[in-house]
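Comments concern the structure below.
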Amino acid sequence: MTIEEFILRLEHEFDHLPEGRLKPTSNFREEVEWNSIHALILIALVKTEYDVTVTATDLLKFQTVEDIYSFITSRQKA
């Protein structure tokens, strides 16, 4: 998975985001008007699509789309 593919998946999941809106440096909380439902959607997406567990504590550490992507890729099984 490339970061571009991950961004497209996020934009698809959060359907009010137009394609091309997110960038690796985008603060995802600002782009999706972050709330607890969005947190659950992201946690489920990462577990289902990438088989990586993200906790609420992990989410608090992420600022950008690239932070999430790096977390996922660092924990995926080879």
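Per-residue 3J(HN,Hα) values for segment 14-26, derived from phi via the Karplus relation 6.51 cos²θ - 1.76 cosθ + 1.60 with θ = phi - 60°, read 9, 4, 7, 8, x, 4, x, 6, 7, 10, x, 8, 5 Hz in sequence order (x marks Gly and Pro).
Under a Cβ-only charge scheme (Lys and Arg +1, Asp and Glu -1), can you give me the dipole magnitude of segment 1-51 about the Cα centre, in debye to the nearest 20?
Its charge dipole is roughly 140 debye.
Residues whose amide H comes within less than 5 Å of that of Val52, counting only those at least five positions distant or on another chain, are Lys47 (H built at 1.01 Å from N in the peptide plane).
Return the loop-located GluC sites (Glu not before Pro) in segment 1-37 (DSSP other than H, G, I, E, B) with at most 16 other Cβ atoms within 10 Å of their own Cβ; answer none if there are none.
Listed in order of number, the matching sites are Glu19, Glu33.
With θ taken as phi - 60° and the Karplus curve 6.51 cos²θ - 1.76 cosθ + 1.60 applied, the whole-hertz 3J(HN,Hα) list for segment 61-70 is 7, 7, 10, 10, 4, 4, 4, 5, 4, 4 Hz, x standing for glycine and proline. Each principal axis of the Cα atoms in segment 3-75 has its own extent, and those three values, largest first, are 27, 24, 20 angstrom. Please give the residues of segment 42-78, grouped as numeric ranges, whose backbone N is less than 18 Å from a label point set 7 Å along the Cα-to-Cβ vector of Leu8. It comes to 46, 49-50, 66, 69, nothing else.
Any read-out appearing in this document is the output of simple, stated calculations on the displayed coordinates, not a laboratory observation. Model, not experiment: these values are computed from the prediction. Counting neighbours? That spans all protein chains shown, and the Cβs are built from the backbone with ideal geometry, glycine included.
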